[in-house]
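One structure follows; several queries about it will come next.
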């Protein structure tokens, strides 16, 4: 196998756009399988896991390969469901090309835009496939116009077009290679020829002089335009009717870039690394799964050089040696062993000892580490507790193992609420993790809405005093502390204004320790106290009975006394939220944000989708991933990040304080 004959691509797009049906049909037409898999019959090569078969929808990215016209196709079918976004992100970043499927009836949707943005942000060339022309309400021209309006009329140009009426079209033709094309396609052919001419000065001169360009020159010019992003070819198919599939596969051979076409890739230090078939082998592990039969399976993309089976390789990221066994090519769950993997190959390896997701493998320890992949932050969390006591460690071990394969998952212990938080992209994403935990680790968990990490602060100055005196025979305990506190928007500051040795200098650190301990448990609702300057300005000590412990105790009580006089308030975390929705849901989203005490900061349009920027209290967002899916019928997505703390409204503050008091009473019973 030569890398020049490899075509490496990802198939992405919105849920229900026919990605999996397309993949099954391509495998069949290439002779990789002897029957056409069907999602509805649970026989799809791609959707083979029990979870996918029960949902009749892709959840995981599935590795596929086949041969077509002396070329090797390595490609991934990726899920269009927004909560499993880590799968298409990892695959697209490691592909040479992204084929974005668009439903011929529904047109551009949020999954279309997400796939485009991921590919564009990593300079991955893109193509569109309008699929499902056999469907009711399918409208090729409407969807093509939508793509051209969104991404550019001179950028999105058809390569294949349908022939016949929209409801019962007869065939698909390639306007570059066939003579008898529809009259309306002549304009597109002219645009493509202009694009070819613009890619090379010599070709342009010959084209302008009326000379006919060869098929190889046309193909080369279009490849260059696709690689640069100035051309996004548009294809059309009906996977259901098996129309346009061969034309698409021929175009993949002729127009999709070769693995070494870009020449360089960025290393972790930001420097460019030269790529060639003869240089040191470099590969990135971009996906990792636990197979019930094979164990840990690492998927890698070869960027440079050649990796051989049964050889020693180096994990550059971990500075560790690894041993390759047989190199596996996967078609869904079916495996084929190969002797070597050249640039562009999507392959996998079992039981690597030191290698985890996003590690760089090399055939020499002189290899350079590749740039790390990028993933979005989680948007939803559950507070996890064990159903059976004593299984907390088992839960932590199991969750960490699952999270190691999915960078959009995280498990943390919150430093303020002390809850174990499982965070991900939505309730179905987290629900799948909890199901895996039960099946693979035999442990059940309770999943609750996490506590909100409220904070407390003061709105005015206050003074506090406390004398700690205790006599229990022998040495007693004595310390007296006077404190002043004042609001400080910059954060926490401690100052010492004691004069005359009323508190010896060696006890001042103990006073501050007492203050810091008291700030961990605010007087209103037991929350962390922030944003104030604390000044110790007077006190008393005893030569025999004073101690660091005594001054810590006195400082804690003096601080609480000062807090009560400084008009304390409760603060809540505010999130900066960015919501992507189709236009028809704008009214519903605006109304819902108002009910959530959100403040809409502005609206924008990005690639045909409405974008709402808002500030929303974290307390109102615990189920927003689920609520947004419900409001938009799955056509909305959002991102959020912490912005700041703000004062809680009085009525809500009262509820928080009352709840805290009730919990204290229950604890003290």
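The values are calculated or read from the model by the stated rules, or taken from the named source; none is laboratory data. What you are looking at is a predicted structure, and each value in this text was computed from that prediction instead of being measured. Cβ placement follows ideal geometry from the backbone for every residue including glycine, while neighbour counts extend to all protein chains displayed.
I need the full set of residues from segment 111-129 which are assigned to a helix (DSSP H, G or I) and more than 16 Å from residue 156 (Cβ to Cβ), in order please.
111, 114, 118, 121
Out of all the residues in segment 388-429, which are farther than 27 Å from residue 374 by Cβ and not in a loop (DSSP other than H, G, I, E, B)?
392, 393, 394, 395, 397
Quick check on segment 68-81. Is at least one of its residues outside the structural domain of residue 403 (by TED's automatic domain parsing), farther than 22 Å from residue 347 by Cα and at pLDDT below 95? Walk me through it before giving the result.
Kept after step one, since they are outside the structural domain of residue 403 (by TED's automatic domain parsing), are these residues of segment 68-81: 68-81.
With the extra rule that they be farther than 22 Å from residue 347 by Cα, the set shrinks to 80-81.
Cutting the leftovers down to at pLDDT below 95 gives us 80-81.
Within segment 68-81, one or more residues are outside the structural domain of residue 403 (by TED's automatic domain parsing), farther than 22 Å from residue 347 by Cα and at pLDDT below 95.
Let me ask something else. Consider segment 344-378. How many of its residues are part of a loop (DSSP other than H, G, I, E, B), under 21 Å from residue 332 (Cα atoms) and touching a helix residue (DSSP H, G or I) at 6+ places or on another chain (Cβ under 9 Å)?
The total comes to 3.
Among the residues of segment 83-99, are any modelled with pLDDT of 90 or more, touching a strand residue (DSSP E or B) at 6+ places or on another chain (Cβ under 9 Å), surrounded by 17 or more Cβ atoms within 10 Å (Cβ to Cβ) and part of a strand (DSSP E or B)?
Yes; the residues of segment 83-99 include at least one that is modelled with pLDDT of 90 or more, touching a strand residue (DSSP E or B) at 6+ places or on another chain (Cβ under 9 Å), surrounded by 17 or more Cβ atoms within 10 Å (Cβ to Cβ) and part of a strand (DSSP E or B).
Shifting gears a bit: Would you check if there is a residue in segment 582-602 being touching a residue at least 60 places away in the same chain (Cβ under 8 Å) and within 24 Å of the chain's Cα centre (by Cα)? Give the derivation first.
Within segment 582-602, the subset touching a residue at least 60 places away in the same chain (Cβ under 8 Å) is 582.
When the remaining residues are screened for being within 24 Å of the chain's Cα centre (by Cα), the result is 582.
For segment 582-602, residues touching a residue at least 60 places away in the same chain (Cβ under 8 Å) and within 24 Å of the chain's Cα centre (by Cα): present.
Could you say which residue among 178, 190, 217, 211 is surrounded by 18 or more Cβ atoms within 10 Å (Cβ to Cβ), farther than 21 Å from residue 142 by Cβ and free of Cβ contacts under 8 Å to residues at least 24 places away in the same chain? Walk me through how you get there before you give the answer.
Details: 178 fails: surrounded by 18 or more Cβ atoms within 10 Å (Cβ to Cβ); 190 fails: surrounded by 18 or more Cβ atoms within 10 Å (Cβ to Cβ); 211 fails: surrounded by 18 or more Cβ atoms within 10 Å (Cβ to Cβ).
The unique qualifying residue is 217.
Any idea which of (1) farther than 21 Å from residue 248 by Cβ; (2) in contact with a helix residue (DSSP H, G or I) (Cβ under 8 Å, 6 or more places away or on another chain); (3) in contact (Cβ under 8 Å) with a residue 24 or more places away in the chain; (4) not in a loop (DSSP other than H, G, I, E, B) is the one residue 204 doesn't satisfy?
Of (1) farther than 21 Å from residue 248 by Cβ; (2) in contact with a helix residue (DSSP H, G or I) (Cβ under 8 Å, 6 or more places away or on another chain); (3) in contact (Cβ under 8 Å) with a residue 24 or more places away in the chain; (4) not in a loop (DSSP other than H, G, I, E, B), only one is false for residue 204: (3).
Can you report the number of residues in segment 410-433 which are without any contact (Cβ under 8 Å) to a residue 40 or more places away in the chain, crowded, with 17+ Cβ neighbours inside 10 Å and closer than 23 Å to residue 285 by Cβ?
2
Does at least one position in segment 325-333 carry a residue that is more than 19 Å from residue 357 (Cα to Cα), in contact (Cβ under 8 Å) with a residue 60 or more places away in the chain, out of contact with any helix residue (DSSP H, G or I) (no Cβ under 7 Å at 6 or more places or on another chain) and not assigned by TED's automatic domain parsing to the domain that holds residue 92? Walk me through it before giving the result.
Here is the first cut: in segment 325-333, the ones more than 19 Å from residue 357 (Cα to Cα) are 326, 331-333.
If we keep only those that are in contact (Cβ under 8 Å) with a residue 60 or more places away in the chain as well, we get 331-333.
Then drop every residue that is not out of contact with any helix residue (DSSP H, G or I) (no Cβ under 7 Å at 6 or more places or on another chain), which leaves 332-333.
Filter again for not assigned by TED's automatic domain parsing to the domain that holds residue 92, leaving 332-333.
Checked segment 325-333: at least one residue is more than 19 Å from residue 357 (Cα to Cα), in contact (Cβ under 8 Å) with a residue 60 or more places away in the chain, out of contact with any helix residue (DSSP H, G or I) (no Cβ under 7 Å at 6 or more places or on another chain) and not assigned by TED's automatic domain parsing to the domain that holds residue 92.
Also: Name the residues in segment 16-62 that are within 23 Å of the chain's Cα centre (by Cα) and buried (at least 24 other Cβ atoms within 10 Å of the Cβ), would you?
17, 18, 19, 20, 46, 47, 58, 61, 62
Test of understanding: among 302, 253, which residue is outside any loop (DSSP other than H, G, I, E, B), modelled with pLDDT of 95 or more and over 28 Å from the mean Cα position of the chain (by Cα)?
When all the criteria are applied, what remains is 253.
Let's see how each residue does on (1) over 30 Å from residue 529 (Cβ atoms); (2) buried (at least 19 other Cβ atoms within 10 Å of the Cβ):
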| site | (1), (2) |
| --- | --- |
| 600 | yes, no |
| 605 | yes, no |
| 615 | no, no |
| 628 | yes, yes |
| 632 | yes, yes |
| 641 | no, no |
| 646 | no, no |
| 652 | no, no |
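Applying the selection to segment 637-669, what residues are under 30 Å from residue 375 (Cβ atoms) and in contact with a helix residue (DSSP H, G or I) (Cβ under 9 Å, 6 or more places away or on another chain)?
Passing the criteria: 637, 638, 640, 642.
Also, quick follow-up: Quick check on this structure: which one of 422, 399, 437, 432 is touching a helix residue (DSSP H, G or I) at 6+ places or on another chain (Cβ under 9 Å) and under 30 Å from residue 456 (Cβ atoms)?
Unique residue meeting the criteria: 422.
If a residue must be outside any helix (DSSP H, G or I) and in contact with a helix residue (DSSP H, G or I) (Cβ under 6 Å, 6 or more places away or on another chain), how many such residues does segment 482-527 contain?
Of the residues in that region, 8 qualify.
How many of the residues in segment 434-483 are surrounded by fewer than 20 Cβ atoms within 10 Å (Cβ to Cβ) and more than 33 Å from the chain's Cα centre (by Cα)?
Here the count works out to 15.
Now for a separate question. Take segment 351-367 and flag every residue that is modelled with pLDDT under 95, surrounded by 17 or more Cβ atoms within 10 Å (Cβ to Cβ) and either more than 30 Å from residue 53 (Cβ to Cβ) or over 24 Å from the mean Cα position of the chain (by Cα) (or both).
Selection gives 352, 367.
Consider residue 286 carefully, then state whether it is surrounded by 14 or more Cβ atoms within 10 Å (Cβ to Cβ), in contact with a helix residue (DSSP H, G or I) (Cβ under 7 Å, 6 or more places away or on another chain), in the same structural domain as residue 353 (by TED's automatic domain parsing) and modelled with pLDDT of 95 or more. Explain how you work it out, then say what you get.
Working: surrounded by 14 or more Cβ atoms within 10 Å (Cβ to Cβ): yes; in contact with a helix residue (DSSP H, G or I) (Cβ under 7 Å, 6 or more places away or on another chain): yes; in the same structural domain as residue 353 (by TED's automatic domain parsing): yes; modelled with pLDDT of 95 or more: yes.
In short, yes.
Yes or no, residue by residue, for (1) part of a helix (DSSP H, G or I); (2) under 25 Å from residue 504 (Cα atoms); (3) not assigned by TED's automatic domain parsing to the domain that holds residue 478:
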site	(1), (2), (3)
535	no, yes, no
538	no, yes, no
546	no, yes, no
560	yes, yes, no
577	no, no, yes
580	no, no, yes
589	yes, no, yes
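Another one. If only one of 615, 604 is part of a strand (DSSP E or B), outside the structural domain of residue 422 (by TED's automatic domain parsing) and within 22 Å of residue 656 (Cβ to Cβ), which one is it?
Answer to the selection: 615.
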